[in-house]
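Here the structure comes first, spelled out in C-alpha cells, and everything after it is commentary.
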Amino acid sequence: MNILITGGTGGLGEAIVDVFATDSRNKIYFTYCHAETKARTITGRYANARGIRCDFENRAGMEALLAEIDNMDLDVLVNNAWVGKPDTIRFGQLTSEQIKTTFCTNVLPLVAVTQQALKTFRKKKSGKIITILTAALLGTPTIGYALYSSTKAYIAQLAKTWSTEYARYGITSNCVSPEFMRTDFTASTDERVIEQMEQTHPLKRLLEPQEVAQVVQFLAISSAQVNGVNIPVTAGTRI
Ligand SMILES: NC(=O)c1ccc[n+]([C@@H]2O[C@H](COP(=O)([O-])OP(=O)(O)OC[C@H]3O[C@@H](n4cnc5c(N)ncnc54)[C@H](OP(=O)(O)O)[C@@H]3O)[C@@H](O)[C@H]2O)c1
C-alpha cells in the first residue's frame, strides 16, 4: 500500500509510520514541520519511508505537498498532524483570532490534503481516509478545551460526510479517537494530573501511541464495508 501520514514525526505519527513501514511492501510518505532530525532518523530506519517537509501555516509549502500527492498513487491517507498545543482556554477568554488561526492551520490544510488524495482514490475506485480525532469529543466535555474539541468536532463531521459522499467509489472514511497519551502534544501537562489519570485509569496505565497505531492499521486493511466509524481508544471510559 502507498500511505501518506501527516505529522509522522509526532508521538502518534511516528508510531503509525512504524506499524506500516515494518512491512517492506508498503511505501510510506510522512510529513513533518520542525522535527528535521527525527524525520531523518525515521527515513534512516526504513528504506520504504520518505519524509516531506511541510508547514501547514505556509500556503506555498502546502502547494508543494499537494503537487506531490498526485504522484504518490495513494491507497491510504492518515490525517494525524496537529498544529499547536491544546492550550487550556476558557470559552469566555477565546478570541476570534485564536479561532481563525486554529481553523486555518488545522482544518483548511487537512481539507486540502484530503481533497487532493481523493483525486487519486476516485481514479483507483478505492482508498482509505483515516482521521485522528480525540476522546475529548466523547462524553462530558473537558473544561478548557472548547477550541480544540470543537475544531476536532468540525473535522469529525467532515470525515462523516466523506464516508457517505465517496462510498460509491469504494472509498472509506473512518476515525480514531484516542485518550490521553504522553507525546510532545501533552508535554506541558502537570505530572500530578498525569499521576491522577494513571491511578483512575481502568488499566492503571496510560494509553501508548503504538496501541492507537494498531487501530489505524486495522482500518487501513479493513474491507470497504467498514466505513463511517469512529473508534474510541479509551479503555472503556467515556462510553
Ligand atoms: N497526545 C494525546 O494525548 C492525543 C490524544 C488524542 C488525540 N491526539 C491527536 O493525535 C494527533 C497526533 O498528536 P501527537 O500527540 O502525536 O502530537 P505531537 O507529538 O505534537 O505531533 C504533532 C505532529 O504535527 C506536526 N506539526 C506540528 N506543527 C505543524 C505545522 N505547522 N505544519 C505541519 N505539521 C505540523 C508535527 O511535526 P514536527 O514535529 O515535525 O513539527 C508532528 O509530526 C493529533 O491530531 C492530536 O490531536 C493526541
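Could you please let me know if Pro178 is in contact with a Ser or Thr (Cβ under 8 Å, 6 or more places away or on another chain) and closer than 20 Å to Ala81 by Cα?
On the way: in contact with a Ser or Thr (Cβ under 8 Å, 6 or more places away or on another chain): yes; closer than 20 Å to Ala81 by Cα: yes.
For Pro178, the condition - in contact with a Ser or Thr (Cβ under 8 Å, 6 or more places away or on another chain) and closer than 20 Å to Ala81 by Cα - is met.
Which residues, taken from segment 159-197, are of a type in the set (A, V, I, L, M), within 24 Å of Val111 (Cα to Cα), more than 14 Å from the chain's Cα centre (by Cα) and outside any strand (DSSP E or B)?
Filtering segment 159-197 down to residues of a type in the set (A, V, I, L, M) leaves 159, 167, 171, 176, 181, 187, 193-194, 197.
Filter again for within 24 Å of Val111 (Cα to Cα), leaving 159, 167, 171, 176.
Next, from what is left, pick out any that are more than 14 Å from the chain's Cα centre (by Cα): 167, 171.
Within segment 159-197, Ala167 is the sole residue that qualifies.
What are the residues in segment 11-60 that are over 15 Å from Met72 (Cβ atoms), surrounded by fewer than 22 Cβ atoms within 10 Å (Cβ to Cβ) and touching a strand residue (DSSP E or B) at 6+ places or on another chain (Cβ under 8 Å), if any?
Those that are over 15 Å from Met72 (Cβ atoms), surrounded by fewer than 22 Cβ atoms within 10 Å (Cβ to Cβ) and touching a strand residue (DSSP E or B) at 6+ places or on another chain (Cβ under 8 Å): Gly11, Cys33, Glu36, Lys38, Arg40, Thr43, Tyr46, Arg53.
When residues of segment 64-92 are filtered for being more than 23 Å from Leu12 (Cα to Cα) and part of a loop (DSSP other than H, G, I, E, B), how many remain?
4
Residues of segment 150-192 being modelled with pLDDT under 95 and more than 10 Å from the ligand (Cβ to nearest atom), which ones?
Ser188, Asp190
Any residue at all in segment 38-47 that is of a type in the set (D, E, K, R) and within 10 Å of the ligand (Cβ to nearest atom)?
For segment 38-47, residues of a type in the set (D, E, K, R) and within 10 Å of the ligand (Cβ to nearest atom): present.
Filter segment 203-220 for residues that are assigned to a helix (DSSP H, G or I) and in contact (Cβ under 8 Å) with a residue 12 or more places away in the chain and give the result.
Across segment 203-220, the qualifying residues are Pro209, Gln210, Glu211, Val212, Ala213, Gln214, Val215, Val216, Gln217, Leu219, Ala220.
Sort through Thr140, Thr114, Thr101 and tell me the only one that's part of a loop (DSSP other than H, G, I, E, B) and β-branched (Val, Ile, Thr). Break it down stepwise before answering.
On the way: Thr114 fails: part of a loop (DSSP other than H, G, I, E, B); Thr101 fails: part of a loop (DSSP other than H, G, I, E, B).
Being part of a loop (DSSP other than H, G, I, E, B) and β-branched (Val, Ile, Thr) holds for just one of Thr140, Thr114, Thr101, which is Thr140.
The values are calculated or read from the model by the stated rules, or taken from the named source; none is laboratory data. Everything numeric in this text was worked out from a predicted model, so none of it was measured. Note: ideal-geometry Cβ built from the backbone for every residue, glycine included; neighbour counts use all protein chains shown.
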